[in-house]
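Only one structure is covered here, and it is reproduced in the block below.
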Amino acid sequence: MNHENFSTLELLHKQFRYPFPTLKNPNAEQLQEITENQWIDGEYLWLYEQNPDLRKKYKKTKTAHIAAQWFPTASPERFKPICRLMLWTLYNDDLYEESESKDITYVHAQSIAILNGEISAEDSGIPLGSMLASLRQELLQFIPQESMSRFTQMISRYFTGLETELKYKKNKAYPSVTECIALRENSICLYPFLQLTEVETGIILPQEIHDHPVICRLQTLACHLVTFFNEVQSVLKDEATDSIYYNIVKVIQHEHQMSLKEACLEDLRLHNEDLKEFIALQASLPDFGIWQDAVVNWVHYMSMVLSGWKNISTKLDRYNAMEFPGAKELKEKLNQL
């Protein structure tokens, strides 16, 4: 496919700019070793035991290094569940991106039941059940039940997004640009990570702050910004795997009948509008009284997710090479489970 000598990577490097600091957790390598040796080749080896090449690709995705950009100050103990979640999102995305929406509805219900402590991993009947059970145990060491429930609701939002994506893909139908932005806001799976800033800082904010419209809007904007960046980055991969029906760039291209380059530039325009709003809200937060410093700090951490994602993801093979796991091999794996 000729893309008019247009480089998506160049656009990402030069035009997607964030005025936020970029820090990296010094425990990244230690947790990457745990990810590769204790998890990919240990606890969860059975998932891809017959496929060493695929395991190698998961290792090359460097999930702990991605998490290190998002949670730059977490101690090793607090960083561990975050890294487990990062690996889970990757496994879950890849396992179910080829499945039927009725299957994902079942996986959704069972996953939430495990995170709520309602069923055991063994009784759940889903491949990643034990991963979620471990995650729940680890998180509850650092956050109260109320925070855990909020985190679980955000995981539920992610599954809802995934279910919606599968419907569009199955029907080979495009949503409108507005619908696509809304579904990707959920399926990008950033909301759950944003809740875990409490794990990193050790400061538990009251529920009314989480419910505040400005705080909700900032999280929504963060999800949009990562998505707009992501869509340009993965557009060629999505063309190769028939995932174009929920890539915002492809939806823009379809809706406005424009070239890929024009659609990417429109995606950038939407991104910059949301970035402007994020910066304005961050600069003029409402008065949260005794929680003010903690809220300012939380929004600061949120902003580092944006600059951190650009910094790490433009270096990852998962998006920049066409090799990352073929839909076909994932589909075959799913049929065996």
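ILE114 meets the conditions (1) open to solvent by less than 20 Å² (accessible area, probe 1.4 Å); (2) within 17 Å of the chain's Cα centre (by Cα) in every case but one. The failed one is (2). Just one of the numbered conditions (1) more than 14 Å from the chain's Cα centre (by Cα); (2) farther than 14 Å from THR152 by Cα; (3) in a helix (DSSP H, G or I) is not true of GLU98: (3).
The single condition among (1) open to solvent by less than 10 Å² (accessible area, probe 1.4 Å); (2) at pLDDT 95 or above; (3) over 26 Å from THR314 (Cβ atoms) that LEU47 does not meet is (2). For the stretch 167-208, the set of residues classified as surrounded by fewer than 16 Cβ atoms within 10 Å (Cβ to Cβ), closer than 16 Å to SER149 by Cβ and hydrophobic (A, V, I, L, M, F, W, C) consists of ILE204 only. Among the residues of the stretch 137-145, is any aromatic (Phe, Trp, Tyr) and more than 21 Å from the chain's Cα centre (by Cα)? So far as the stretch 137-145 goes, yes, one or more of its residues are aromatic (Phe, Trp, Tyr) and more than 21 Å from the chain's Cα centre (by Cα).
Rundown of residues vs (1) open to solvent by 60 Å² or more (accessible area, probe 1.4 Å); (2) closer than 17 Å to PHE71 by Cβ; (3) modelled with pLDDT under 95, yes/no style:
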| site | (1), (2), (3) |
| --- | --- |
| ASN2 | yes, no, yes |
| THR8 | no, no, yes |
| LEU11 | no, no, yes |
| PHE20 | no, yes, no |
| ASN25 | no, yes, no |
| GLN30 | yes, yes, no |
| ILE40 | no, no, no |
| LEU54 | no, no, yes |
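With the structure loaded, tell me whether LYS59 is surrounded by fewer than 18 Cβ atoms within 10 Å (Cβ to Cβ) and in a loop (DSSP other than H, G, I, E, B) or whether it fails that test. The answer is no for LYS59. Residue count for the stretch 256-283 under the criterion of being of a type outside the set (Asp, Glu) and closer than 24 Å to LEU23 by Cβ: the result is 10. Being among the aliphatic types (A, V, I, L, M), outside any loop (DSSP other than H, G, I, E, B) and within 19 Å of TYR301 (Cα to Cα) holds for only one residue in LEU205, LEU183, LEU236, LEU221, and it is LEU221.
Only a single criterion out of (1) at pLDDT 95 or above; (2) open to solvent by less than 30 Å² (accessible area, probe 1.4 Å) is not satisfied by ARG78, namely (2).
Scanning the stretch 254-276 for residues that are in a helix (DSSP H, G or I), open to solvent by 40 Å² or more (accessible area, probe 1.4 Å) and not charged (D, E, K, R), we see that the one that is nearest to LYS167 (Cα to Cα) is HIS254.
Scan the stretch 117-134 for residues that are surrounded by fewer than 22 Cβ atoms within 10 Å (Cβ to Cβ), part of a helix (DSSP H, G or I) and touching a residue at least 24 places away in the same chain (Cβ under 8 Å) and the total you get is 2.
The values are calculated or read from the model by the stated rules, or taken from the named source; none is laboratory data. Model, not experiment: these values are computed from the prediction. We place every Cβ from the backbone using ideal geometry, glycine too, and count neighbours over all the protein chains shown. With ligands, DNA and RNA removed, areas are computed over all heavy atoms of the protein, side chains included. Shrake-Rupley method; radii C 1.70, N 1.55, O 1.52, S 1.80 Å.
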